[in-house]
Amino acid sequence: MAVRRLSDTIVDRIAAGEVIERPASVVKELVENAIDAGASRVDVVVVGGGKQLIRVDDDGSGMSPEDLALAVERHATSKLPEGDLVDIRTLGFRGEALPSIGAVARLTITSRSVGDEIASRITVDGGVREGPAPAARNRGTRVEVTDLFHATPARLRFLKSEAAENQAVTDVVRRLALAHPGIAFSLTVGERNTLSVTAAGGLTVPADATAARIADVLGDEFRGNSLALDYERGGVRLNGLAGHPNWHRPTSRHLYIFVNGRPVRDRTLTGAVKAGYGDVMSRDRWPAAALFLSLDPREVDVNVHPAKAEVRFRDAGLVRGLVVSALRTALQGTGPAASQAMADATLSRFRGGSGNGYGDSNGGRDAFAVSRALARGFSEPTATFESFAAPSADARAGTVAGAAVAAAEASASGHPLGAARAQLHENFIVAQTGDGIVIVDQHAAHERLVYERLKTAMAAHGVARQALLIPEIVDLPPADAARLAERAGEIAELGLVIESFGPGAVAVSEVPAMLGDFDIGGLVRDLADDIAEAGASTRLLDRLEAVASTMACHGSVRAGRRLNAEEMNALLREMEATPNSGQCNHGRPTFVELKLSDIERLFGRR
């Protein structure tokens, strides 16, 4: 069959298949164009999930008639003034979005630049261009896209429901609004305004503007359950908010990552975030976070994906290491931290899970209403009170009961976790703080304490090694063997001693003693894969920490053990001095804090 050149229409539709996956892709491209045009306000309207109408209106620099004509041509862009594909300082630069949209939909662009007396309009319908022609408009640009994919009806069958497409559009606009707090955004879906944020022009400190925008877009609950972080290493800066480990989610939908103002979904960065939370969160859960990476544009390649959703770093190991260490440092803090979300969930369970029970702020409900609410939860009448039953272990236990109680009361307001009052069911410690109570899971708490001691010992004295009677030879591709040999010194610090054994193998002579009997060859191959992919490896460290976690679990105070007052208070004091003590090694909370005001509302006293 003879080779022939494809028509421009077919070429444009092929390009559209790479760039325009769904209505949210159109919104992303158009909003990024508005941001690059210097807009101070961007308004987005979506009808029918974006299939019927997408409208993006901005007050940016606008375009002249000549610019309009070029804007709908392939590979025409104003975003590479020097033609340098290495130094990308805009959100879009490929010059394919507008012609790709026009190839599969009806596209209308109305724009007016600063120097023009009137605006101009151009239309593209299924790749057929008409205009530019005079039009009426103030400065800026309006882009309207109707009947999306009418020129490629097969694509319509792959779209999801209208609600799902609306949600995808909302997520795109929210992410771009988060990244650009100096711009006002609004989003109208159908007849409903789903997002409206003003520009943070009055806040001169960038961190304050970012925090304010996060609260506006993601809500005060997000900010109230998050920790601020701001770290820099090797010219790379990471700032933003990292959600409390106890405030986790089942998916990564609430993980927002930005690189130089560009929202990305990058596997390297997502893996780094998971590793940063690895010590304090269950493996099947995801953190909520808004993280902003800033670095020299020459150090990151944003030209690796048609939709610009992925990036590639020149020094991926540096970026990954910064993200992991910054998150771990921020999460450690100076002591245990309770999540307000965890307290709210606890109170909700006390109320029967509704959040609208008699413990709400309208505490003026009469006693009859309260008793009716109580009666619905219990099938038998309440027994007559006679006397308090003895708890499993009382805080008065000790050599001198009076002195122990006096010391406990004196220290209640002086420590974040308060003073122990009792042990319930040989597993839960109840402590009184200056303004509330704390309930501690003794096994989970001590498990974390033992784990942190093991990690500290590993860092201070190194990992104990065990020499092999016969070195194990692991065959590898020559490139992998060479990479491992180059990093043999770093790997030895973790207890694994390897050396080159010819062009396609390495010899393992010592292994970490704490790993016991394990698959040496499998670990070495995993290390080689990690180094090849990210330039560095955390696999061995992760394996060591997993073993340390298991050892801590078996070496901690077990549920069912009775503790006296001194032991309980000693556990509380050590928790206060230990990083990450708010979560056990498996990501579960070690304690719940309830404020006195919350408890009073629970009983209708407020």
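The values are calculated or read from the model by the stated rules, or taken from the named source; none is laboratory data. Worth saying up front: this structure is predicted, and the values here are computed from it rather than measured. Because the Cβ atoms are built from the backbone with ideal geometry, glycine has one as well, and the counts that use them run over all protein chains shown.
Overview of results
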{"item": "The listed residue being surrounded by fewer than 17 Cβ atoms within 10 Å (Cβ to Cβ) and either among the acidic types (Asp, Glu) or assigned to a loop (DSSP other than H, G, I, E, B) (or both), out of GLU144, GLU117, GLU165", "result": "GLU117"}
{"item": "Residue identified as polar (S, T, N, Q), crowded, with 24+ Cβ neighbours inside 10 Å and outside any strand (DSSP E or B) among SER100, SER111", "result": "SER100"}
{"item": "Single residue of region 565-593 satisfying the filter (of a type in the set (S, T, N, Q) and within 17 Å of ARG328 (Cα to Cα)) that is surrounded by the most Cβ atoms within 10 Å (Cβ to Cβ)", "result": "SER581"}
{"item": "Some residue of region 215-231 being outside the structural domain of LEU327 (by TED's automatic domain parsing) and under 23 Å from the mean Cα position of the chain (by Cα)", "result": "no"}
{"item": "Conditions (1) surrounded by fewer than 17 Cβ atoms within 10 Å (Cβ to Cβ); (2) over 30 Å from SER581 (Cβ atoms); number of the one not met by ARG483", "result": "(1)"}
{"item": "Residue in region 235-250 that is surrounded by fewer than 14 Cβ atoms within 10 Å (Cβ to Cβ), assigned to a loop (DSSP other than H, G, I, E, B) and modelled with pLDDT of 90 or more present", "result": "yes"}
{"item": "Contacts under 7 angstrom Cβ, first residue in region 259-283 being closer than 18 Å to SER294 by Cβ, partner β-branched (Val, Ile, Thr) and in a loop (DSSP other than H, G, I, E, B), 6 or more apart", "result": "VAL259/VAL311; ARG262/VAL302; VAL264/VAL311; ASP266/VAL311"}
{"item": "Pairs with Cβ under 7 Å, 6+ apart, first in region 516-527 and assigned by TED's automatic domain parsing to the domain that holds ASP475, second part of a loop (DSSP other than H, G, I, E, B)", "result": "ARG525/LEU476; LEU527/SER537"}
{"item": "Segments classed as strands (runs of 3 or more DSSP E), wholly inside region 457-532, with at least 2 members that are at pLDDT below 90, of a type in the set (S, T, N, Q) and more than 28 Å from PHE313 (Cβ to Cβ)", "result": "none"}
{"item": "Residues of region 217-234 satisfying the condition of being buried (at least 17 other Cβ atoms within 10 Å of the Cβ), outside any strand (DSSP E or B) and in contact (Cβ under 8 Å) with a residue 24 or more places away in the chain", "result": "VAL217, LEU218, PHE222, ASN225"}
{"item": "Counted residues, region 448-480 - those being surrounded by 14 or more Cβ atoms within 10 Å (Cβ to Cβ), farther than 21 Å from ASN585 by Cβ and under 35 Å from the mean Cα position of the chain (by Cα)", "result": "1"}
{"item": "Test: residue in region 195-202 that is touching a Gly at 6+ places or on another chain (Cβ under 8 Å), crowded, with 16+ Cβ neighbours inside 10 Å and either outside any helix (DSSP H, G or I) or among the polar types (S, T, N, Q) (or both)", "result": "yes"}
{"item": "Failed criterion for ARG129 (all others in (1) basic (Lys, Arg); (2) in a strand (DSSP E or B); (3) surrounded by fewer than 13 Cβ atoms within 10 Å (Cβ to Cβ) hold)", "result": "(3)"}
